[in-house]
Amino acid sequence: MSIVAKFGGSSLADAEQFRKVRSIIEVNSERKYVVPSAPGKRDSGDVKVTDMLYSCYEKVAAGEDITELFQEIEERYNGIIKELGLALSLHKEYEIIKNALQNNAGRDFAASRGEYLNGMILAAFLGYEFVDAATVIFFNEDGSFQPKKTNDMLRSRLLQCGNAVIPGFYGMMPNGTIKTFSRGGSDITGSLVACAVTADIYENWTDVSGLMIADPRIVDQPKIIKTITYKELRELSYMGATVLHEDAIFPVRIDKIPINIRNTNRPEDEGTMIVSEVDNDGGNTTITGIAGKKGFSVISIEKAMMNQETGFGKKVLEVLEKQGISFEHLPSGIDTMSVVVATKDIAGVKNELISEINEAVHADSVDIHNNLALIAVVGRGMIRAKGTAAKVFHAVYEADINIRMIDQGSSELNIIIGVDEDDFVSAIKTIYKAFLG
Ligand code: ASP
């Protein structure tokens, strides 16, 4: 039995947080592999170490001096080391990193040092072996991730050590330079480690007690989701829910390793379980989550007798493909076709798009409407439950909100509605209320 525990930046922001992490690890000896982020914000006015390191890189690129800024970074780490009473000195490491930065080491190298140094401290504090991610996580020449080599190396290396700390966020390129995942990528490292050691569970420790059913900035104190499937989470993350990095599901998904989102500040809370499937939902028919995003546009194409033309949709999509634009949804009628796209993707090419679509399909009209917000109401229970859609639409109707678009995937995992951006917040509030009171 083994558990992989990943701790986010707020869980390791200062010595007090390190102590909480150690108590969590000590409670369960199965927590053998630990993946830390870089120290995060200690309070709302604070700066994450990762951001300070990015600033160092930018300063060097602009020909500016980094002495003071780098000193601040050293002080953050030294403060933690001192308060924890560790007999550890990172002075040599600081020298090497500072030198590399001053000699234009890459942007990714700069950012990765946040996790690297934090990992060293955490390993010393826990008495775990430190395994540099650059020796076990690999990227290809073109920057894409290399799953096979990573999995093999991680597995053989980690099964050798009893307990290990593997810093999150980065790995190595074939030429020996450092590359990071995208922001928040320590979640991916945790998932890779969990997959490599076939962990029983991947715990992702953060500063909230799980995923919330809706964005707490919109709904006041939303309830926590107890169990969610990978598929549902994917739908919600795509639509803007942000507790876990979007790509962190893929490695563990293959072996169906559950992810448990937990709160370092409230370890007694059970958090959210993210699982492959749920066998018995106890007749639970409520929705799992609501998420949404603004910033969409609809390209509406009308042509009489469109339904009799074959290849109509293909021609329209080819125009988009040529412009490098991907579409989000394709709600269609008999003589109408709508293509929902991100507004930012069509900025600057609107007129071209209209005339190219006209040319391709000789439409009666092609119009583009902006200010569309999409809201996804996600729930595995929808397949069995009747009336979910009715409840969503009724709630939105009661709130006097006009629905501009509806889309329900055939998987019946979600219902997507499009509303005016001005109605976005009230639509989410009203849907939440309809299902959860
Ligand atoms: N420290 C990195 C970031 O701030 C990676 C992470 O925390 O997951 O994005």
Applying the gyration tensor rule to the Cα atoms of the stretch 85-128 (axes a ≥ b ≥ c; rounded if a/c under 1.5, else prolate if a/b exceeds b/c, else oblate), the class is oblate
Restricting to Cα pairs under 8 Å and 6 or more apart, the percent relative contact order of the stretch 10-141 works out to 30 percent
What's the angle, to the nearest 10 degrees (0 to 90), between helix 312-322's Cα axis and the longest principal axis of the chain? 40 degrees
For residue 406, the residues 5 or more places away or on another chain with a placed amide H closer than 5 Å to its own amide H are 418
Packing-based order for 413-421, 311-319, using average beta carbon neighbours within 10 Å, highest first: 413-421, 311-319
Net +/- balance of residues flanking residue 424 in space, Cβ distance below 13 Å, scoring K and R +1, D and E -1: 0
Over the stretch 66-149, what relative contact order in percent results from Cα pairs under 8 Å that are six or more residues apart? 23 percent
Could you please state how large a percent of the accessible area of the chain is carbon and sulfur, counting protein chains only and using a 1.4 Å probe? 48 percent
Can you compute the charge dipole magnitude of the chain about its Cα centre, using +1 on each Lys and Arg Cβ and -1 on each Asp and Glu Cβ, nothing else charged? Give it in debye, rounded to the nearest 20. 1060 debye
Suppose a student asked you for the relative contact order of the chain, using Cα pairs under 8 Å spaced at least 6 residues apart; what percent would you report? 13 percent
Whole-Å distance, taken between Cα centres, linking the stretch 279-354 and the stretch 394-428: 15 Å
Sorted by accessible area (1.4 Å probe), largest first, how do 364, 200 line up? 364, 200
Using θ = phi - 60° and the Karplus form 6.51 cos²θ - 1.76 cosθ + 1.60, what ³J(HN,Hα) does each residue of the stretch 137-144 get, whole Hz, x for Gly and Pro? 10, 10, 10, 7, 3, 7, x, 6
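The values are calculated or read from the model by the stated rules, or taken from the named source; none is laboratory data. Predicted, not measured: the structure shown is a model, and the values here were computed from it. Glycine gets a Cβ as well: all are built from the backbone with ideal geometry, and neighbour counts include every protein chain shown. Areas reflect the complete protein model, heavy atoms only, side chains present, ligands, DNA and RNA absent. Shrake-Rupley method; radii C 1.70, N 1.55, O 1.52, S 1.80 Å.
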